[in-house]
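Taking it in order: structure first as structure tokens, then the write-up.
The values are calculated or read from the model by the stated rules, or taken from the named source; none is laboratory data. Because the structure is a prediction, the values reported are computed rather than measured. Heads up, the Cβs are rebuilt from the backbone with ideal geometry, glycines too, and the neighbour counts pull from every protein chain shown. All accessible areas refer to the heavy atoms of the entire protein, side chains included, with ligands and DNA or RNA removed. Shrake-Rupley method; radii C 1.70, N 1.55, O 1.52, S 1.80 Å.
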Amino acid sequence: MLNISYKRAGWIGVIWIVTIGGMFSAFALNPQKTISQYGRDIWLRQNGLPANAVNVTLQTRNGYLWFGTAAGLFRFDGVRFTGIHTDPKDSEKLETISTLYEAKDGSLWIGTPYNGLRRFKNGKIFSYGQEEGFKEKEIRVLLESRDGTLWIGTSNGLFKFSNQNFVFVPTDPTYITSLAEDARGRVWVGTHGGVRIIADNKPVISLTAAEGLPNNIITTIRADHQGQIWIGTDNGLAYSRNDVLTVYTGTNGLSNNHISAILEDRDKNLWVGTYLGLNRLAGGKWTTFTAADGLSDNNVLSMTEDREGSLWVGTVEGLNRFKDVNLITYTTRDGLDNDFVSNIIEMPDRSLYFLSSAGSSITHLKDGKITKFSNPVGPAFVARDGSLWIAQNGLITNLKEGKLHRYDKTTGLPAKWISAITEDAQSLIVYVDDIGVRRFINGELKPYLLKNGQAYASDEYVYCFYVQPDNTLWIGSSQGLVRIKDGESTTFGAAEGMADNQVNAIFDDRRGSLWLGSTRGGLTRYQNGKFTAYTLKSGLFTSEIYCVLGDEQGNLWLGSPRGIGQISRQELDDFAAGKIKTIRTQVYTTADGMKTEECFGDWQPAGWKAQDGRIWFATKRGAVVIDPKNFKQNNLVPPVFIEKIVTNQQNTSLNSALRFASDTENFEFHYAALSLLVPERVLFKYKLEGYDKDW
């Protein structure tokens, strides 16, 4: 929620508020991803949730989310929880909420376990009690059937509300737990003695364990997109398709047999909440997500899917949101040996290596099969013969055809850190700390000779190498960029226009430009003998660039401790040509699927552009992959609501025509835009006609 304030200065006009925003991923949870690969957010009491136990969740058609808790009813706009008092006789009273339902006329029906039935419409609360012909206090569940009848399940029986009249509908037993309407217009009623199916206002079918239910204690019932019925019980899940039952329990893959919530998402995946976590049925396969995986608590109480495709899960200890994201993070749940990923390399056969310095381990993924190796990890390189070379402290390892071969002090290597490794037409090239750039031939270090036959000597620390197809060697070091071409070396630095002397990443876009990353100055482009620096002053999102990669459209992707930045090629070109003075960076963080914003960059390669066009980044909590060709965008325009107008420090009613006294001096407009995916990226511009000249 935001507000703008005006002080009257003889103006009269209309205020306009519009939204502008960034790109969000949207539209349902991709079943091809594991549950852990979705973006996740958690709200607890510590970060604003009014009560940890979220009994019921609902999104109304206007875009607001509603949460019923033991501390009352709350409306959520993506940023702020606003309490809604549900007792019309006591504006300070907070009531426990047991169920919510939005009717076709926009009414929000509210059930409480102790104080009866409420209705919220047009900002006003209405109560239904004995004066209205309804004396029940414990409301368990609500449903509006297609004919407009409101069905009310209580602890003392089933009721209908139609034409302002309450009618008792006999059922046995009378403790009602759940309601749903099937494709034939029949109402399914859950009780502690099985299910009663009502047609033409009469219970026509009694469905119990004798007819195949896993248990007679019904906890929840939900209709799917076809109007078929899912039934949750105290001891398993049942699916009724054309009145034929199929039962699912722990033996089929459920994490627990006590079913507490059921939801089918827009991609027709089934989500089931239990006393032991969240379950998803997709493609005929059950997968689970529990507190051990990051769920706020194992006891799931409620679920809803919002208009942008996110799944909201209320538990006894917090609110969880699962959303589809453009950035997928692979972790140990997906087969990695360690979540701390320091290098990612693709081999010619399109298999992938994930290296972890924290675990001294290597994970090889090929054709869906995972192989793991134990070995110290540092800078790595793919050789022309298809083998993988890995450098470390006094150690160089070759991994080829599943076999490790090590070179260390026993073969003559000094006990020195090796910070970079590459290969040219002659041999491997390495940098050994305190010794310098050397060739590595047949297990031995040899001098790197220049055109005059002298050994290349320097005291700079080398972060990375890059060998161009014409055999030109580029060296990224602590003191500048070195080019060795035809045996002659040239050094470039800030004096030649680079963002900084330090170069710790080099990327060849194969479009005529080399891109240099620096952890001290930002980004530098080298093209046609000219350097162009992109820094904080020119709009770069950070000066710490660990990794530079490019997609097939020429856009750059940058790994940093602040997330992954993306810059369009057009803006990079326009800045270099002097057409624009600043660039814009789209930054992707944990809100987009990363488990941490901190990309690893102590040595190369800290990321990889794969042959299929996907881009990988090593992070300290997994391997992040981006598919630029299949980036989803949220094209839903968020509705904008003026929630409150304050004049002279007094609230103004929004339920009638607005009239202001002639002596009104100060105006405040409080407003919100209901896009819940990444609300911090929603931007506003506003204009008050007659007062503001521009937006």
Here, region 109-164 modelled as identical Cα point scatterers in vacuum has Debye log10 I(q)/I(0) at q = 0.15, 0.27 Å⁻¹ of -0.39, -1.24
Kirkwood Rh over alpha-carbon pairs of region 116-273 plugged into Stokes-Einstein at 20 °C, 1.002 mPa s gives a D in µm²/s of 132
Those trypsin sites (Lys or Arg not before Pro) from region 380-425 that are DSSP loop and have at most 12 other Cβ neighbours within 10 Å turn out to be 384
So the pair-distance distribution of region 226-290, from every Cα-Cα distance in 10 Å bins, comes to percents of 23, 60, 17, 0
Debye calc, one equal point scatterer per Cα of region 232-370, no solvent, log10 I(q)/I(0) at q = 0.14 1/Å comes to -0.79
Using alpha-carbon positions, the gyration tensor of region 485-569 gives root eigenvalues a ≥ b ≥ c; with a/c under 1.5 called rounded, otherwise prolate if a/b exceeds b/c, else oblate, the class is oblate
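Quick one: of 268/366; 416/446; 369/400; 93/323; 530/579; 104/160, which pairs are farther than 25 Å apart, Cα to Cα?
In this structure, 268/366; 93/323 lie more than 25 Å apart at Cα.
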Probe 1.4 Å, heavy atoms of protein chains only: per residue, the accessible area of region 580-624 in Å² is 38
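Provide Rg over Rh for region 422-548; use the alpha carbon set for both Rg and the Kirkwood Rh (inverse mean inverse pair distance).
Numbers: Rg = 14.7 Å, Rh = 15.0 Å.
Result: Rg/Rh = 0.98.
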Whole-percent carbon and sulfur contribution to the accessible surface of the chain (1.4 Å, no ligands, DNA or RNA) stands at 45
Hull volume per residue for region 28-140, using the convex hull of the C-alpha atoms, in Å³ is 132
Region 350-372 and region 190-234 have their Cα centres apart by a whole-number Å value of 48
Projected area averaged over all directions for the convex hull of the alpha carbon atoms of region 90-139, nm², comes out at 3.7
The correct pair for region 550-601, radius of gyration to one decimal and Dmax as a whole number, both in Å and from Cα atoms, is 12.5, 37
Taking only the alpha-carbon positions of region 391-449 as identical scatterers, the Debye log10 I(q)/I(0) at q = 0.30 Å⁻¹ comes out as -1.42
Probe 1.4 Å, all chains present, heavy atoms only: residue 330 accessible area in Å², nearest 10, is 60
Sorting 580, 538, 301 by the position of each Cα along the dipole of the chain (Lys, Arg +1; Asp, Glu -1; all at Cβ), the one nearest the positive end of that ordering is 580
Looking only at aspartates and glutamates whose Cα falls under 14 Å of residue 121's and that sit 8 or more positions away or on another chain, we get 87, 102, 105
The answer for region 165-222, accessible area per residue at 1.4 Å probe in Å², is 44
Working note, the chain: Cα radius of gyration (Å, one decimal) and Dmax (Å, whole number) are 31.6, 104
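Please work out the average accessible area per residue across region 318-411, using the 1.4 Å probe convention, and give it in Å².
Counting only protein heavy atoms, the per-residue value for region 318-411 is 41 Å².
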Residue-normalised 222 nm signal for the chain, counting each DSSP H run of n ≥ 4 as -39,500 (n - 2.57), nearest 500 deg cm²/dmol, is -500 deg cm²/dmol
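What net charge is computed for the residues neighbouring residue 455, neighbours being all others with C-beta under 13 Å from the C-beta of residue 455, Lys and Arg scored +1, Asp and Glu -1? Intermediate results must be reported in sequence, preceding the final value.
On the way: positive: 438, 439, 446, 451; negative: none.
Result for the neighbourhood of residue 455: +4.
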Percent of all alpha-carbon pairs of region 531-628 at distances over 22 Å, whole number, is 26
For region 131-210, shape from the Cα gyration tensor axes a ≥ b ≥ c, cut at a/c of 1.5 then a/b versus b/c, turns out oblate
